[in-house]
Amino acid sequence: MARRGPPWSTVEVEATVADYFAMLEKELRGQRYNKSEHRRQLYPFLQDRTKTAVEQKHQNISAVLIELGFPWIQGYKPLGNVQDLLRDVVSDRLANADQLHALVAREVEREVEVPSVEDLLRVWADPPKFRPGAAGLVPPRAVRAASAAYRPPVNYLEREARNQALGVAGERFVLNVERARLAAEGNERLAARVEQVSRTRGDGEGFDILSFESDTRERLIEVKTTGFGRDTPFFVTENERQVSKRERQQYHLYRVFDFRRDARLFVKRGAFDEICRLEPQSYWGSFG
């Protein structure tokens, strides 16, 4: 059984959060950094913590940043079961991190170009595992409702999801990927029929790209694009959810990630209710 140390103190948490934010800022600037060296410089502030314990605390910080609608360090996959003290320290530090906010705002709003599909095999990535029934990450609005005194800053993940230029570029990327995939399988005629329905028919179809299987069956593709890492949460409309349920055998989520650096994607087939965890985020109000 792994050795468990005493609860993390305020000094330890503040030092670890400061170290994490320093690495995050470098990552957003596109600067290289060494995680092992950062951890070595952090150890003097910690109470004999193991490498695993420090890495898990960094993963906890990633989870808190998701709760705040903020990007995180890609190498530290979000890990739940977060210490309350950690949430407070991350929230307080983020509230005063004007420079970091400026870097993230620039990242989610800057113009994007559609990357070429030079190596089709390199584009595809393994999808993250989904465990139904497991405790999920806390969405930003749920955190806001939990405490009137706890106010997350701007939800940059939601702002990026609403970046129409990014969404269109992601769809065009998938359009090119699908045409290349079918052509590589010897189905040039099917490749020529791949359609960006979000442009030709509008947003009401519940999916973005009409593609095909090798046997000519239709493949309905909903594209979700982010400039951040593979595990970044995404937003689903009720119409997309309903269409995915009705067309679950044909419906595919194409999650495009690292779009601004080295665009890759993974695929999940089926209804959104079955392939990922959905958290309600808004309500429709009317007086009629």
#### Entry: Complete set of residues in region 40-76 that are among the basic types (Lys, Arg) and either surrounded by 18 or more Cβ atoms within 10 Å (Cβ to Cβ) or closer than 23 Å to His101 by Cβ (or both)
Arg49, Lys57
### Query
Of all residues in region 51-72 being among the β-branched types (Val, Ile, Thr) and more than 12 Å from Val17 (Cα to Cα), which is farthest from the chain's Cα centre (by Cα)?
Thr52
### Summary
Per the list (1) among the hydroxyl-bearing types (Ser, Thr, Tyr); (2) surrounded by 13 or more Cβ atoms within 10 Å (Cβ to Cβ); (3) touching a residue at least 40 places away in the same chain (Cβ under 8 Å), residue check on Ser9 breaks on (3)
### Task
Report the residue count in region 181-190 for those that are without any contact (Cβ under 8 Å) to a residue 40 or more places away in the chain and touching a strand residue (DSSP E or B) at 6+ places or on another chain (Cβ under 9 Å).
3
## Note on the structure
Per the list (1) among the aromatic types (Phe, Trp, Tyr); (2) at pLDDT 95 or above; (3) open to solvent by 30 Å² or more (accessible area, probe 1.4 Å), residue check on Phe207 breaks on (3)
### Task
Need at least 1 residues that are touching a residue at least 40 places away in the same chain (Cβ under 8 Å) and over 16 Å from the mean Cα position of the chain (by Cα) per element, so show me which strands (runs of 3 or more DSSP E) inside region 191-288 make the cut, counting only ones lying wholly within it.
209-212, 218-225, 251-257
### Task
Could you tell me whether Ile275 is touching a helix residue (DSSP H, G or I) at 6+ places or on another chain (Cβ under 7 Å), surrounded by 16 or more Cβ atoms within 10 Å (Cβ to Cβ) and either modelled with pLDDT under 90 or not polar (S, T, N, Q) (or both)?
no
#### Entry: Options Arg29, Arg40; residue that is in contact (Cβ under 8 Å) with a residue 12 or more places away in the chain, among the basic types (Lys, Arg) and on the phi < 0 side of the Ramachandran plot
Arg29
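The values are calculated or read from the model by the stated rules, or taken from the named source; none is laboratory data. Everything quoted here is computed from the prediction, not taken from an experiment. Heads up, the Cβs are rebuilt from the backbone with ideal geometry, glycines too, and the neighbour counts pull from every protein chain shown. Note: accessible area is taken over every heavy atom of the protein model, side chains too, but ligands, DNA and RNA are not part of it. Shrake-Rupley method; radii C 1.70, N 1.55, O 1.52, S 1.80 Å.
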